């Protein structure tokens, strides 16, 4: 274990034997830090946080602090971070609001400088949040989503897997999987064709997703009608993911000008 002498670590923290802790870092009690984690200078790791192996926490990041929620009553809640995440400078990730709730972060995510993840968010794997991207509380983000710089996502919104949210977008409704969304009044502008190709989706699968996109956004159907038509088309497992998202529990509605 390599711990700088200026670091302040509570005796109640559980830290693997090969963790690196930089100067002036603070680690509170009831923290668990897995093998080969590197924590850079001036980071602050708050109680009830668990960090998985091979994760990097860079300078000035604040991990597991109290939620920015006026309903918070200082009850025990948590933050669980998976493996191999990169949390860059001055990013902030908050723990859950209500007692026994948890903010959940998966594996292999990359959160660039000044990214913010609010309380009770649930993030999957291989997600990128570029500098200044912000998630309000209770946001769900699917695998391989890409949130560009200063994209802002309203609380209780869902972001589907393999989406791209363009820079400076204001997301107030759910963005379905595979879509490209952008704008201050965020709209769907097409498919994330580059992401689909880089994820090794076959040409046949990409064509099926394109057909589903056309039915959903370009055919003039109401949302419920579009879902029925996509289901009738029998477009395979990857499109089933899209259907399940559209039929899922949405508190904000689905992005774009779909008549309901």
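Take the alpha carbon atoms of the range 179-212, find their center, do the same for the range 17-68, and report the distance between the two centers in whole angstrom.
Spelled out, the Cα-based centre of one part sits 36 Å from the other.
Rounded, prolate or oblate: which one fits the range 196-247, using the alpha carbon gyration tensor with axes a ≥ b ≥ c (rounded when a/c is under 1.5, else prolate when a/b beats b/c, else oblate)? The partial results should precede the final answer.
Values: a/c = 2.16, a/b = 1.77, b/c = 1.22.
In terms of gyration-tensor shape, prolate.
Could you line up 97, 255 from fewest to most neighbouring Cβ atoms inside 10 Å? Before the final figure, lay out the partial values.
On the way: 97 22, 255 26.
So the residues, fewest neighbours to most, are 97, 255.
So what is the calculated 222 nm ellipticity per residue for the chain, using -39500 (n - 2.57) for each DSSP H run with n of 4 or more, over all residues, to the nearest 500 deg cm²/dmol? Let's see the in-between values first.
Numbers: 4 runs with 43 residues, N = 260.
Rounded to the nearest 500, the figure is -5000 deg cm²/dmol.
Taking the 0 to 90 degree range and rounding to the nearest ten, how far is the long axis of helix 203-217 tilted relative to the main principal axis of the chain, both from C-alpha atoms?
For helix 203-217, the angle is close to 80 degrees.
Helix 237-247 versus the longest principal axis of the chain: what is the Cα-based angle in degrees, 0 to 90, to the nearest 10?
It works out to around 90 degrees.
Can you sort 31, 8, 57 from fewest to most other Cβ atoms within 10 Å of each residue's own Cβ? Show your work: numbers first, answer last.
Numbers: 31 22, 8 11, 57 29.
Arranged by neighbour count, lowest to highest, 31, 8, 57 become 8, 31, 57.
Taking the Cβ of each residue in 175, 139, 128 as the centre, tally the other Cβ atoms inside 10 Å and list the residues starting with the fewest. Mind dumping the intermediate values first?
On the way: 175 29, 139 22, 128 17.
Placing the least packed residue first, the sequence is 128, 139, 175.
Answer rounded, prolate or oblate for the range 92-223, using the Cα gyration tensor with square roots of eigenvalues a ≥ b ≥ c: rounded when a/c is under 1.5, else prolate when a/b is larger than b/c, else oblate. Please report the intermediate quantities before stating the final value.
On the way: a/c = 1.85, a/b = 1.63, b/c = 1.13.
Judged from the Cα gyration tensor, the range 92-223 comes out prolate (a/c at least 1.5, a/b above b/c).
Under Stokes-Einstein, with the Kirkwood radius over Cα pairs standing in for Rh, what whole-number D in µm²/s applies to the range 2-138 at 37 °C and 0.692 mPa s?
On the way: Rh = 14.4 Å.
D = 228 µm²/s.
Starting from the Cα gyration tensor of the chain, multiply each eigenvalue by 5, take the square root, and state the resulting semi-axes largest first in whole Å. Before the final figure, lay out each step's value.
Working: eigenvalues 280, 66, 45 Å².
That gives 37, 18, 15 Å for the three semi-axes.
Where does helix 223-233 land angle-wise versus the long Cα axis of the chain, in degrees 0 to 90, nearest 10?
80
Just so you know, all these numbers are worked out from the coordinates, no wet-lab data involved. Just so you know, these numbers come straight off a predicted model, no measurement behind them. Ideal geometry is used to build each Cβ from the backbone, glycine not excepted, and the neighbour counts take in all protein chains shown.
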